[in-house]
1. Just checking, which of Val107, Val45, Val111, Val117 is over 12 Å from the mean Cα position of the chain (by Cα) and at pLDDT below 80?
2. What do you reckon, is Val89 in contact (Cβ under 8 Å) with a residue 24 or more places away in the chain, among the hydrophobic types (A, V, I, L, M, F, W, C) and closer than 30 Å to Asp147 by Cα?
3. Name the one entry in Leu65, Leu78 that is modelled with pLDDT under 80, under 27 Å from Glu165 (Cα atoms), hydrophobic (A, V, I, L, M, F, W, C) and within 14 Å of the chain's Cα centre (by Cα).
4. Contact list please: Cβ distance under 7 Å, first residue in the stretch 51-65 and closer than 13 Å to Val85 by Cα, second residue acidic (Asp, Glu) and modelled with pLDDT of 90 or more, pairs at least six apart or on different chains.
5. Scanning for something modelled with pLDDT of 85 or more, in contact with a helix residue (DSSP H, G or I) (Cβ under 6 Å, 6 or more places away or on another chain) and part of a helix (DSSP H, G or I), does the stretch 138-147 turn up at least one residue?
6. Restricting to the stretch 67-90, give me the number of residues that are closer than 28 Å to Trp185 by Cβ and either of a type in the set (Gly, Ala, Ser) or not assigned by TED's automatic domain parsing to the domain that holds Ser37 (or both).
Amino acid sequence: MLEEERARRLMKLEKIRPRLVAIAPQALDNAAHLDRSRQIHQMHVVLDALESVIYGPKQPFDQELAALRNSAKGFQLLSDALEVVPMSVAHEGVEHLEALADRFERVAKEVRHVALVPEDGGLGSHIISMVISKLLFKKNGLVKGDDVEATLSRAKYYLDRRDLENTARELNQLKGWPKRLASDWIEAARNRLEVEQALEVARTQVNFGNLLNSK
């Protein structure tokens, strides 16, 4: 009786085995789909945390960036976009747009003071340039010209419209002493632009991955 019972059990298992073999690929696909869903959800969470830091007051975001890089394994486009952001920038943080706007006003004032200083100008040239700068009228809007005042006017126009890329591009056209005084601001603006562009690619990639995974 025991042998017969065992034989029946084995026969039942033999009948089940082909069904298991048949559904194994589907089970693996479901497991892979579940893993992918978990990964995309994790990237959403980490990306939200990173964006909350980037769009807040200046602070380091190296930990958030490292977490996103770690969670993005298998998403090559996203990984490539994140590699654009130097860890030195992540350690230091990037300035908020409003902070850059406030800083721009101070930089623009300093740039105007040295607008007429020759490349090798000494103290006397700086004093004369500062005095004359107080007598000149400020320009506004998208005025033409490659003089310092016209360049600052266009830069201010773009900055007022939150167009940081064109603002930095205008200031980058400065030369001599004005360029030297504006260089730190330009660098800070470019750092922010690089981070924002990387985040834009990351958000697009995560949303696209979520869309594909939901099908």
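1. Selected residue: Val117, the only one of Val107, Val45, Val111, Val117 that is over 12 Å from the mean Cα position of the chain (by Cα) and at pLDDT below 80.
2. Spelling it out, it is not the case that Val89 is in contact (Cβ under 8 Å) with a residue 24 or more places away in the chain, among the hydrophobic types (A, V, I, L, M, F, W, C) and closer than 30 Å to Asp147 by Cα.
3. Result: Leu78 is the single residue among Leu65, Leu78 that is modelled with pLDDT under 80, under 27 Å from Glu165 (Cα atoms), hydrophobic (A, V, I, L, M, F, W, C) and within 14 Å of the chain's Cα centre (by Cα).
4. Within 7 Å, the pairs are Pro60/Glu92.
5. So far as the stretch 138-147 goes, no, none of its residues is modelled with pLDDT of 85 or more, in contact with a helix residue (DSSP H, G or I) (Cβ under 6 Å, 6 or more places away or on another chain) and part of a helix (DSSP H, G or I).
6. Looking only at that region, the number is 3.
The values are calculated or read from the model by the stated rules, or taken from the named source; none is laboratory data. Remember, predicted model here, so these are calculated numbers, not experimental data. Positions of Cβ are backbone-derived with ideal geometry, glycine not excepted, and every protein chain shown enters the neighbour counts.
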